[in-house]
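The values are calculated or read from the model by the stated rules, or taken from the named source; none is laboratory data. Not measured: the values here are computed from a predicted model. Neighbour counts run over all protein chains shown; Cβ positions are idealised from the backbone, glycine included. The area values use the complete protein model at the heavy-atom level, side chains included, leaving out ligands, DNA and RNA. Shrake-Rupley method; radii C 1.70, N 1.55, O 1.52, S 1.80 Å.
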Amino acid sequence: PMSEKNAKAIESAWLGWHRSGITMHYRPNYMLSGYALPSLDTRQSSRMLRLAVDNGMEGFDYDSLFGFWAVKGPMFYIHFRLGTRPDLILEQILDEYYTAFGEAAALVRQYFDYWEDFSTKLTRGGITNVKESARFYPPESFAPAEKLLQQARLLSKGKAAERVAFLQAGLQHGRLCAEFCQAY
């Protein structure tokens with residue numbers, strides 16, 4: 001996530017290039033943001049992708065996917081869905097994503113909403129390197145999220161339970177990374 005001022009500047013730059021008539025492909029680097037932590041900006045980044053789709057984007061390329069699906073799943077998912085189905089709206093895509101968690105869908109949505117709200121309130125809008133994780137993700141920030149996932153795990157069954165366990169493992173990994181950076 002970035003400040004609204006910076007987001008508007010990027011949108012303005014895209015529109016300016018679009019008005020020039022050149023052919024454009026979308027290649028953002030914001031998938032690099034957040035390290036192994038749940039740093040999310042589904043709303044802001046989908047707004048930018050939608051602007052690009054509606055204003056001259058002829059393709060996209062993401063070369064910065066580190067595979068942190070357990071903490072960034074909804075963000076990755078919306079990009080791939082909008083990239084292949086630009087007619088979809090964000091809430092449709094998120095609804096589709098969360099159905100994979102069965103009975104726990106509402107709690108998993110609350111979990112990711114918690115982190116998106118948390119991420120957008122950070123000083124610069126998000127972390128860009130490992131060292132910042134200790135400062136921006138203190139130990140107490142994990143407790144509400146862990147509680148939501150524990151509740152989700154109790155509600156889920158079968159494949160959905162495995163998926164919630166995957167989210168729990170990702171969150172534990174993120175917590176350990178932040179704790180290591182704090183100790184370091």
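Within region 54-65, take every residue that is over 26 Å from Gly174 (Cβ atoms) and among the charged types (D, E, K, R) and give me the one that is most open to solvent (accessible area, probe 1.4 Å). Once the filter is applied, the top-ranked residue is Glu58. Filtering Tyr137, Tyr184, Tyr97, Tyr111 for residues that are closer than 25 Å to Met2 by Cβ and at pLDDT below 95 leaves a single hit, Tyr137. Regarding region 26-41, can at least one residue be identified that is closer than 25 Å to Leu167 by Cα, of a type in the set (A, V, I, L, M, F, W, C), open to solvent by 50 Å² or more (accessible area, probe 1.4 Å) and more than 10 Å from the chain's Cα centre (by Cα)? Checked region 26-41: at least one residue is closer than 25 Å to Leu167 by Cα, of a type in the set (A, V, I, L, M, F, W, C), open to solvent by 50 Å² or more (accessible area, probe 1.4 Å) and more than 10 Å from the chain's Cα centre (by Cα). Being part of a helix (DSSP H, G or I) and either surrounded by fewer than 14 Cβ atoms within 10 Å (Cβ to Cβ) or of a type in the set (Asp, Glu) (or both) is the filter here, so list the residues in region 148-179 that pass it. Hits for region 148-179 are Gln150, Leu154, Gly158, Lys159, Glu162, Phe166, Ala169, Leu176, Glu179. Ile89 fulfils the conditions (1) surrounded by fewer than 21 Cβ atoms within 10 Å (Cβ to Cβ); (2) in contact with a Cys (Cβ under 9 Å, 6 or more places away or on another chain) except for a single criterion, (2). Looking across region 66-81, the residues that are open to solvent by 10 Å² or more (accessible area, probe 1.4 Å) and more than 20 Å from Arg175 (Cα to Cα) come down to Tyr77, Phe80, Arg81. Taking first residues from region 161-172 that are within 13 Å of Ala145 (Cβ to Cβ) and partners that are open to solvent by 50 Å² or more (accessible area, probe 1.4 Å) and basic (Lys, Arg), the Cβ contacts under 8 Å between residues at least 6 apart in sequence or on separate chains come to Val164/Arg153; Gln168/Arg153.
Of all the listed residues (Gly73, Gly34, Gly21), the sole one being farther than 23 Å from Lys121 by Cα and not charged (D, E, K, R) is Gly21. The number of residues in region 1-25 being assigned to a loop (DSSP other than H, G, I, E, B), polar (S, T, N, Q) and under 19 Å from the mean Cα position of the chain (by Cα) comes to 1. For region 39-85, the candidate set comprises residues that are touching a helix residue (DSSP H, G or I) at 6+ places or on another chain (Cβ under 8 Å) and among the β-branched types (Val, Ile, Thr); within that set, the residue that is farthest from Ser119 (Cα to Cα) is Val53. Looking across region 81-121 at every residue that is without any contact (Cβ under 8 Å) to a residue 60 or more places away in the chain and among the small types (Gly, Ala, Ser), the one that is nearest to Met48 (Cα to Cα) is identified as Gly83.
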